[in-house]
Amino acid sequence: MTDNYPQIGRMKFLGFIDAVLSTPLGYIIYFAYRLTNSYGLAIVLFAVAVRMFVLFPVNIIAHRNSIRLLKLQPALCVIKRRFAGNKEKISQAQYDLFKKERYSPFVGLIPLFAQLILIIGIMQVMLNPVRHMHGIDERDIDFMFLGLNLIVTPSLMSPSPELIMPLLSVGSALCFCLVQNAISPGALSQSKGNNIVLTVFTVLLSLYLTLVLPVGAGLYWTVSNLAGIGAMILLNVLYSPKKLAQKALTYLASLRKTPEEQKAERKRKRELSKREKCDAASFSAAKKQIVFYAISGGQYKFYKAIIDYLLEHSEIVIHYLTNDPDAEVFSNQNAQLLPYYAGQKKTIMLMLKLNTDILVTTVPDLQSFHMKKSIVRTDIEYIHTFHGPTSTHLVYRENAFDHFDTLFCVGRHQVSEIRRREAIAKLPQKKLIKVGYGLYDQLAASYENMRGETNVTHRILIAPSWQEDSILDICIDSILDSLVGHGYEIVVRPHPQYIRLFPERMASLEERFAEAGIKFETDFSGNESIFTSDVLITDWSNIGYEFAYCTLKPCIFINTPMKVMNPNYAQYEIEPLEIALRDEVGVSVDVGNLGTLNQIVEEVLQSKGLYRSKIEEIMREYLYYPKRSGEAGGEYIIRRLADKNSG
């Protein structure tokens, strides 16, 4: 008895399909046959009717939804670049964007689901067409059409003229996909690779269906594809992507690479892959005492003071691993400093198999992402050196430093914060070494060499961060409108990442303020604009404190939305330095008060002497070993390596 359950269930399902799909579709075929007295023409009319009266309204919804997605492409590209490597953050940012813009990815799937459901019903009709002719004698129906028998199934084993139908079906499907890839907003929103995959799937599905179903199904599929091309063209006339999403299309076109660029890119990938393989093998084979690890080439500046001290005061060979193949460290000629290149995926394995005494990095979140502790050695000392003079419990994740053994602290505030974190999380105490801020040492030395005459005209430097909702995102126009026309020399120095992410935004700003004489600085090889400015305007960037500490000149901090990576920072009961010092090394201004920014600048400039004294006092309190951080960090490393060797 129970053996019949699957068969009974199958019969019920087929009965449901017959009642809901096959019977209504059969009536359409029946009426079309009555109208034309031709089974072939009935299928043609049936295919056109389904495409235009059943699928077309659904396609309108999906088409408009796809245009909405097309408009979002520039923002989606920015999200992927801004949070590159962090899939969780990318997914959340995309979700928030879709919710804000009322875009649903599922709407685009409606036509596909409708097609699949129709296929089930059509299969039933084509497999038993006579049953759906409602009393018409089978002997009175001519199933021949253009020399093809529409009720037989084409067979590769028994070649016949009916095999032409699978070819026509495949050809029509290919034409449909090519037109879709050229004009459909959904296809324009996707990469070329995704469109190719979808095209191959559609063509293969067409081939399969027309080989397992009667020729009539192939005729339906062919006519449906051709009618679909017409429907798609009509949709583009009614809701033109070129008119409704022109900016997005222009942006996407600017991202497309020429064949020469694609060829050069493939060549570079091959070269980097070969180089990575060679460098990774050399890195793994080398006998290492100390390794410095950096994600980007720009992170070298945070190690430079320590590395320079080690090179000058020891014979220690430094192994420097970076994910940036173009990092400046590769131009180094010192035999004691050995640089290696590896991508982040390769770095995972290199870190897991790391064999060294000490690893120094400015990359946080050890054990959380791609940077894991070695499974080969358990006695490696993992040292973190900070790339900012500010607090540790606001702009870093809460557990960012939990797995490090030693921290090179910039000032006493970081010591208090880390000890508080250890108490809250009940962690063993780390070694907190008083080192200072190496980048400050370099900037201070450069500033001393560049100091000269006082500016005749007050120079204002605007240098925002590149985080979301920075000055350049929400209020740069208001700032410049307030300052222009008051005799200042104004320089805007955007973060390099911002220029890469928002080239159109930067071009628009330069064009708008070209006549005002505002300089937009895009060459970051030097720091002249920083050192020669009289006041700096920023948001939450570390450059504010670097500027103040080096030049002893005041800053104006714009209170844009604060970047908070640790939502529990208030539990530490320690006010982050980013907040505490904003009105000490300068003045903070709310976005709504930018209309008075000119007066604020004047007041700050008139109080330069007062701010100089305040900044000197703050440095004494919050900065260890000014201009000697390289020595502090270098001496600690030399001692630790000596201890390990003697042990």
Subset tally (residues that are outside any strand (DSSP E or B), in contact (Cβ under 8 Å) with a residue 60 or more places away in the chain and surrounded by 21 or more Cβ atoms within 10 Å (Cβ to Cβ)) for region 396-416 = 3
Tally of residues being of a type outside the set (A, V, I, L, M, F, W, C) and over 30 Å from ASP534 (Cβ atoms) across region 415-464 | 12
Kindly list, by first and then second residue, each pair from a residue in region 490-504 that is assigned to a helix (DSSP H, G or I) to a residue that is crowded, with 20+ Cβ neighbours inside 10 Å, limited to pairs with Cβ atoms under 7 Å and residues at least 6 apart or on different chains.
-> TYR498/LEU472
If ALA264 passes every condition in (1) closer than 29 Å to PHE524 by Cα; (2) out of contact with any Ser or Thr (no Cβ under 8 Å at 6 or more places or on another chain); (3) hydrophobic (A, V, I, L, M, F, W, C); (4) surrounded by 14 or more Cβ atoms within 10 Å (Cβ to Cβ) but one, which one does it miss?
-> (4)
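Test of understanding: among ALA114, ALA62, ALA93, ALA49, which residue is touching a Phe, Trp or Tyr at 6+ places or on another chain (Cβ under 7 Å) and of a type in the set (Gly, Ala, Ser)?
ALA93
For (1) at pLDDT 95 or above; (2) outside the structural domain of ALA280 (by TED's automatic domain parsing); (3) in a helix (DSSP H, G or I), each residue gets a yes or a no:
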position: ALA305; (1), (2), (3): yes, no, yes
position: ASP308; (1), (2), (3): yes, no, yes
position: TYR320; (1), (2), (3): yes, no, no
position: PRO325; (1), (2), (3): yes, no, no
position: GLN333; (1), (2), (3): no, no, no
position: LEU338; (1), (2), (3): yes, no, no
position: LYS345; (1), (2), (3): no, no, yes
position: LEU350; (1), (2), (3): yes, no, yes
position: ASN355; (1), (2), (3): yes, no, no
Given (1) of a type outside the set (A, V, I, L, M); (2) more than 30 Å from ALA32 (Cα to Cα); (3) buried (at least 16 other Cβ atoms within 10 Å of the Cβ), number of the condition SER91 does not satisfy = (3)
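Against the condition modelled with pLDDT of 95 or more, closer than 29 Å to LEU443 by Cβ and not hydrophobic (A, V, I, L, M, F, W, C), how does HIS403 come out, does it pass?
Numbers: modelled with pLDDT of 95 or more: yes; closer than 29 Å to LEU443 by Cβ: no; not hydrophobic (A, V, I, L, M, F, W, C): yes.
Spelling it out, it is not the case that HIS403 is modelled with pLDDT of 95 or more, closer than 29 Å to LEU443 by Cβ and not hydrophobic (A, V, I, L, M, F, W, C).
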VAL152 being closer than 30 Å to LEU168 by Cα and surrounded by fewer than 19 Cβ atoms within 10 Å (Cβ to Cβ) = yes
Which ones in region 180-199 are crowded, with 17+ Cβ neighbours inside 10 Å and farther than 19 Å from ASN65 by Cβ?
-> THR199
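Only one residue in ARG500, ARG582, ARG505, ARG512 is among the charged types (D, E, K, R) and under 20 Å from HIS486 (Cβ atoms), so which one is that?
One residue alone meets the criteria, ARG512.
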Subset of region 453-493 (residues that are on the phi > 0 side of the Ramachandran plot and either touching a helix residue (DSSP H, G or I) at 6+ places or on another chain (Cβ under 7 Å) or at pLDDT 90 or above (or both)) | GLY485, GLY487
Residue that is surrounded by the most Cβ atoms within 10 Å (Cβ to Cβ) [pool: residues in region 507-548 that are part of a strand (DSSP E or B) and under 26 Å from the mean Cα position of the chain (by Cα)] | THR538
Please work out which residue is surrounded by the fewest Cβ atoms within 10 Å (Cβ to Cβ), limiting yourself to region 200-217 and to residues that are touching a Leu at 6+ places or on another chain (Cβ under 7 Å) and part of a helix (DSSP H, G or I).
-> VAL203
In region 427-438, is there at least one residue being modelled with pLDDT of 95 or more, assigned to a helix (DSSP H, G or I) and not aliphatic (A, V, I, L, M)?
-> yes
Is it the case that region 557-573 has a residue that's under 30 Å from ALA248 (Cβ atoms), outside any helix (DSSP H, G or I), under 29 Å from the mean Cα position of the chain (by Cα) and of a type in the set (Lys, Arg)?
-> yes
If you check LEU443, LEU483, which single one turns out to be over 15 Å from PHE547 (Cα atoms) and aliphatic (A, V, I, L, M)?
-> LEU483
Failed condition for PRO105, given (1) under 20 Å from the mean Cα position of the chain (by Cα); (2) part of a helix (DSSP H, G or I); (3) not small (Gly, Ala, Ser) | (2)
Could you check THR153 against (1) part of a helix (DSSP H, G or I); (2) of a type in the set (S, T, N, Q); (3) touching a Leu at 6+ places or on another chain (Cβ under 8 Å) and say which number it fails?
-> (1)
Specify the residue that is surrounded by the fewest Cβ atoms within 10 Å (Cβ to Cβ); the eligible residues are those in region 429-479 that are within 17 Å of LEU594 (Cβ to Cβ) and of a type in the set (Asp, Glu).
-> ASP477
Taking LYS372 as the residue in question, decide whether it is touching a helix residue (DSSP H, G or I) at 6+ places or on another chain (Cβ under 6 Å) and of a type in the set (Lys, Arg).
-> yes
Within region 301-331, restricting to residues that are free of Cβ contacts under 8 Å to residues at least 40 places away in the same chain and either in contact with a Ser or Thr (Cβ under 8 Å, 6 or more places away or on another chain) or basic (Lys, Arg) (or both), the one that is surrounded by the fewest Cβ atoms within 10 Å (Cβ to Cβ) is ASP324
Looking at region 383-393, which of its residues are without any contact (Cβ under 8 Å) to a residue 40 or more places away in the chain and surrounded by fewer than 22 Cβ atoms within 10 Å (Cβ to Cβ)?
-> none
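The values are calculated or read from the model by the stated rules, or taken from the named source; none is laboratory data. It should be emphasised that the depicted structure is a prediction, and the values quoted were computed from it without experimental measurement. Virtual Cβ from ideal backbone geometry, glycine too; neighbours counted across all protein chains shown.
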